[in-house]
Amino acid sequence: MASPLTKIRMTAEAYFQRPESNLPIQLIDGDLLEMTSPLTDHQDMVGEIFYLFKFIQKTKGGGKPYVAPMDVWFDEVNVPQPDVFWVSDGGKCVLRDKRLYGAPDLIVEVLSPGTMRLDKREKFHLYEKHGVSEYWLVHPTEAYIEVWVLETGKFKLLDIFAPEDTFASPVLGYTIELKLLFTPVI
């Protein structure tokens with residue numbers, strides 16, 4: 001995603017009164033952030049991760065993946081739209097009134113030049129504060145993933161993984177082969 005086009009102060013109640021939009025829009029710390037459409041490398045990676053999560057859902061079960069744009073209500077001033085996220089069966093995040101409320105168990109943000117700071121700072125602290133168990137920061141052009149896990153209320157870096165690596169996702173209970181995400185399909 002590119003830099004915010006506009007930044008307006010509001011509450012979640014006012015945010016939900018706005019008309020639907022095709023542009024990515026989210027409320028972070030009371031600031032309404034309207035974004036331009038993401039770049040193709042960003043969308044390609046979002047698609048690969050969502051496809052992997054759907055495969056895990058169909059073969060293993062235990063939860064459901066979602067992809068942006070999808071509002072997730074955290075509190076009265078925070079309604080982000082994570083790029084991809086996983087809601088575990090019986091987790092804190094629940095579907096009510098056409099929206100998700102509460103922290104998803106795993107959130108993935110695919111980094112773009114215009115939103116990298118937002119994803120690595122404001123959203124990092126927001127997700128940590130609200131108890132997201134696992135947070136992935138994916139850099140599609142540099143080909144690496146930072147995996148953070150929540151321990152005693154704070155994110156701890158599990159590691160930084162390259163395309164040739166694998167890692168066990170604590171939330172998914174599944175070993176992730178990163179070559180599946182970073183190898184282009186011909």
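Based on this model, can you work out whether Glu134 counts as surrounded by 21 or more Cβ atoms within 10 Å (Cβ to Cβ), acidic (Asp, Glu) and free of Cβ contacts under 8 Å to residues at least 60 places away in the same chain?
Details: surrounded by 21 or more Cβ atoms within 10 Å (Cβ to Cβ): yes; acidic (Asp, Glu): yes; free of Cβ contacts under 8 Å to residues at least 60 places away in the same chain: yes.
Judged against the criteria, Glu134 is a match.
For Trp86, all conditions in the list (1) buried (at least 16 other Cβ atoms within 10 Å of the Cβ); (2) in contact with a Gly (Cβ under 9 Å, 6 or more places away or on another chain); (3) farther than 20 Å from Leu180 by Cα hold save one; what is the number of the exception?
The failed condition is (3).
I'd like to know if the stretch 156-165 contains one or more residues that are within 28 Å of Thr11 (Cβ to Cβ) and either over 17 Å from the mean Cα position of the chain (by Cα) or buried (at least 19 other Cβ atoms within 10 Å of the Cβ) (or both).
No.
Answer yes if at least one residue in the stretch 16-25 is touching a Lys or Arg at 6+ places or on another chain (Cβ under 7 Å) and either part of a helix (DSSP H, G or I) or surrounded by 14 or more Cβ atoms within 10 Å (Cβ to Cβ) (or both), and no otherwise. Don't jump to the end; show me each part of the working.
Restricting attention to the stretch 16-25, the residues satisfying the condition of being touching a Lys or Arg at 6+ places or on another chain (Cβ under 7 Å) are none.
Taking every residue of the stretch 16-25 in turn, none turns out to be touching a Lys or Arg at 6+ places or on another chain (Cβ under 7 Å) and either part of a helix (DSSP H, G or I) or surrounded by 14 or more Cβ atoms within 10 Å (Cβ to Cβ) (or both).
When the residues of the stretch 40-53 are filtered to those that are within 16 Å of Glu177 (Cα to Cα) and free of Cβ contacts under 8 Å to residues at least 24 places away in the same chain, which remaining residue is farthest from the chain's Cα centre (by Cα)?
Per the stated criteria, the residue is Tyr51.
When you go through (1) surrounded by 12 or more Cβ atoms within 10 Å (Cβ to Cβ); (2) free of Cβ contacts under 8 Å to residues at least 40 places away in the same chain; (3) more than 15 Å from Pro80 (Cα to Cα); (4) not aromatic (Phe, Trp, Tyr) one by one for Thr152, which number turns out not to apply?
With (1) surrounded by 12 or more Cβ atoms within 10 Å (Cβ to Cβ); (2) free of Cβ contacts under 8 Å to residues at least 40 places away in the same chain; (3) more than 15 Å from Pro80 (Cα to Cα); (4) not aromatic (Phe, Trp, Tyr) applied to Thr152, the lone miss is (1).
Looking only at the stretch 106-122, which residues are under 12 Å from Gly63 (Cα atoms) and surrounded by fewer than 23 Cβ atoms within 10 Å (Cβ to Cβ)?
none
Taking Ile56, is it outside any loop (DSSP other than H, G, I, E, B) and closer than 20 Å to Phe182 by Cα?
yes
For the stretch 137-149, which positions are surrounded by 17 or more Cβ atoms within 10 Å (Cβ to Cβ) and at pLDDT below 95?
The one that is surrounded by 17 or more Cβ atoms within 10 Å (Cβ to Cβ) and at pLDDT below 95: Pro140.
Out of curiosity, is Ile8 crowded, with 18+ Cβ neighbours inside 10 Å and not acidic (Asp, Glu)?
So Ile8 fails the test.
When residues of the stretch 54-65 are filtered for being crowded, with 19+ Cβ neighbours inside 10 Å and without any contact (Cβ under 8 Å) to a residue 40 or more places away in the chain, how many remain?
1
The values are calculated or read from the model by the stated rules, or taken from the named source; none is laboratory data. Keep in mind that what you see is a predicted model, and the values were worked out from it rather than measured. Glycine gets a Cβ as well: all are built from the backbone with ideal geometry, and neighbour counts include every protein chain shown.
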